[in-house]
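The values are calculated or read from the model by the stated rules, or taken from the named source; none is laboratory data. Note that the coordinates shown come from a computational prediction; the quantities given were computed from them, not determined experimentally. Quick reminder, even Gly has a Cβ in these numbers, built from the backbone with ideal geometry, and neighbours come from all protein chains shown.
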């Protein structure tokens, strides 16, 4: 079987010849390439050449946010809006004058609306490059207080969404059978999540939600229009698996908030995708205590970057038991276990023994590093995990849960 076939088998609850092993290595690779510290065998290799040589799957889930067609394609990242060439859609602003100004490592953007000007500032510096980070940091968010809600509403009401089938198709072609080219939609799970994680400082978001809920609701109605456009384009597009929502955590995206404002939209996405034989992937890589039942209710098919103890409270077995064979876990190996400074060799071997015991038959699991392989990871530990995967042998079929109805979709669903 190919790596792509193994991933799809795991998502569908089918058996496969071995556990899919697909560690996310992009940050580790970028940081070590820049520092000249890649393993000697791979000093001149691309990341794809390295994973092919080690018979690992190629992680094509979280995009490289520096992989741009033009310098201005990341200008709107402080809004949580991305226009990467690999994505299945792109966003254009209408009736909005946008001004972009670069000042060294800072990017300043102004959006003029009839209700005032929204301003954002993002930073992408050498320190971030050395760490392998590709996503710019927001220094100044667009919405500082509810006084900016009308301008934000006008902005999203005048956002046009168009297909980017050719860009995604090229991404899918380059990934090939080495992995599964996931269609990146958004790091936010809903308009409310977009407001919380991207548009406002967290404390101001909490105050607004408590003090002026009617104004928040009005902004949500305007942002819903944009979100619906994104969903309509992406569901009809060629991507078989779509990523919607990331970085859930019981403290920040706490269960009552998640249930009221995130879950309904995730379920809407899941239902629409399942009707076309497609799958919903989310990236809940934080503390998931109290949220697992919400994930089940949402209908998500893949929980990417699930991170168990020692980085969170839950064990991998507790997560697997809670999912009841209905959600495929992607990830599972906490990143700190690859750092000798955090976990000595003897403890690492004991961790692997216990981890694979908890994994059981390893059905509905795509093994990886949660959230990502850190730049200081011991490369030999990645090799040792791969050896354990090989020794595990075939993964049996999970016969209790059916794949989504094929509806009108397929692996090569044409736009209608």
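Scanning the range 196-205 for residues that are over 20 Å from residue 111 (Cβ atoms) and in contact with a helix residue (DSSP H, G or I) (Cβ under 9 Å, 6 or more places away or on another chain) gives a single hit, 202.
The residue list 92, 66, 108 contains one member that is part of a loop (DSSP other than H, G, I, E, B) and touching a residue at least 12 places away in the same chain (Cβ under 8 Å), which is 66.
Being part of a loop (DSSP other than H, G, I, E, B) and surrounded by fewer than 20 Cβ atoms within 10 Å (Cβ to Cβ): is that true of residue 144 here?
yes
Considering only residues in the range 39-63 that are part of a loop (DSSP other than H, G, I, E, B) and without any contact (Cβ under 8 Å) to a residue 12 or more places away in the chain, the one that is nearest to the chain's Cα centre (by Cα) turns out to be 46.
Of the residues contained in the range 185-204, none is found to be out of contact with any strand residue (DSSP E or B) (no Cβ under 8 Å at 6 or more places or on another chain) and farther than 24 Å from residue 138 by Cα.
Of note, residue 80 satisfies the criterion of being in contact with a strand residue (DSSP E or B) (Cβ under 7 Å, 6 or more places away or on another chain) and buried (at least 17 other Cβ atoms within 10 Å of the Cβ). Taken over the range 94-116, residues that are touching a helix residue (DSSP H, G or I) at 6+ places or on another chain (Cβ under 7 Å) and over 18 Å from residue 83 (Cα atoms) amount to 4. Considering only residues in the range 111-130 that are part of a loop (DSSP other than H, G, I, E, B) and exposed (fewer than 15 other Cβ atoms within 10 Å of the Cβ), the one that is nearest to the chain's Cα centre (by Cα) turns out to be 125. Among the conditions (1) surrounded by 18 or more Cβ atoms within 10 Å (Cβ to Cβ); (2) closer than 20 Å to residue 273 by Cα; (3) out of contact with any strand residue (DSSP E or B) (no Cβ under 7 Å at 6 or more places or on another chain); (4) in contact (Cβ under 8 Å) with a residue 40 or more places away in the chain, the only one that residue 227 does not satisfy is (4).
So which of 299, 360 is touching a helix residue (DSSP H, G or I) at 6+ places or on another chain (Cβ under 8 Å), surrounded by fewer than 24 Cβ atoms within 10 Å (Cβ to Cβ), more than 23 Å from residue 27 (Cβ to Cβ) and modelled with pLDDT under 95?
Details: 299 fails: modelled with pLDDT under 95.
Answer to the selection: 360.
Every condition in (1) surrounded by 22 or more Cβ atoms within 10 Å (Cβ to Cβ); (2) in contact with a strand residue (DSSP E or B) (Cβ under 7 Å, 6 or more places away or on another chain); (3) more than 25 Å from residue 128 (Cβ to Cβ) holds for residue 3 except the one numbered (2).
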